[in-house]
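S.K.: A single structure is presented below for examination.
The values are calculated or read from the model by the stated rules, or taken from the named source; none is laboratory data. Everything numeric in this text was worked out from a predicted model, so none of it was measured. Note that each Cβ is placed from the backbone with ideal geometry, even for glycine, and that neighbours are counted across all protein chains shown. Side chains included, ligands, DNA and RNA excluded: accessible areas come from the protein's heavy atoms. Shrake-Rupley method; radii C 1.70, N 1.55, O 1.52, S 1.80 Å.
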Amino acid sequence: MKDKSIFFSALLLLTSLLFSCQDSFTTNSPPPPVTVSDADLLALTAAPGFAFYKNAPDTLPFTLNGGGHNNSFIRVRFNAKAQSVLTDGGKLPVGGRFPDSALIVKDIYTAKGGTLLATAIMLRLPAAANADANGWVWGEYNSASASNPPAPASQKGSQCTACHSTTAASSPVSGDTGNRDYVRTFGLRP
Ligand code: HEC
């Protein structure tokens, strides 16, 4: 009798193990991570629904000379997903985090009102194979072309994240209150 119950318990354990394994192979296994290509990342910047920072469409001088783009002018814009968390007077609140699929674009111009020189992009997509440790996919492209990018998405922001981690204490710009979720505009601009 005792042997029988041990046998049945063992059988039960085995079947439940088998089912749980099968379960994890069929329903619970995460989908393989996607890699965001340069062409895809750049194409996302042409979608509708963007709004400029504080809704100001003017090209503004880049805050830092020596910050990658000397003497250039920029416009920063947010897709609808990113706009949804700009609740602190047009900024992400301190300690806030952008949701998945939030997209932030810095269009870089040679002169005020001049031609587009380059496009720098941050896409929040932690599930992507080429996201950095904080879930951002980074890329920078010349003249809206995905070929020969100065910073391909495969680099996982290796040229970008150190500068974008700048805090109030480490910033060379006086009055900079530091990055918010690796975005610098909020700390540098009113
Ligand atoms: C040397 C510093 C520095 C480096 C390197 C740098 N950035 Fe930035 N980035 C800035 C600053 C400063 C701003 C804010 C713009 C302003 O107010 O002038 C900015 C703004 C941006 C924005 C708009 C959102 C925000 O943070 O305000 C994006 C998108 C962006 N950068 C992408 C990139 C990408 C992609 C790279 C790497 C290829 C990169 N940046 C490298 C300093 C840097």
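S.K.: Consider region 160-175. How many of its residues are more than 14 Å from the chain's Cα centre (by Cα), more than 8 Å from the ligand (Cβ to nearest atom) and open to solvent by 40 Å² or more (accessible area, probe 1.4 Å)?
M.R.: 7
S.K.: Moving on to the next point. Every residue in region 117-130 that is away from the ligand (no atom under 13 Å from the Cβ) and under 15 Å from residue 44 (Cβ atoms), please.
M.R.: Passing the criteria: 125, 128.
S.K.: Between 114, 157, which is away from the ligand (no atom under 12 Å from the Cβ) and of a type outside the set (D, E, K, R)?
M.R.: Testing whether each residue is away from the ligand (no atom under 12 Å from the Cβ) and of a type outside the set (D, E, K, R) leaves just 114.
S.K.: Same structure, new question: Go through region 43-73 and report how many residues are of a type in the set (A, V, I, L, M, F, W, C), at pLDDT below 95 and part of a strand (DSSP E or B).
M.R.: Matching residues across region 43-73 total 2.
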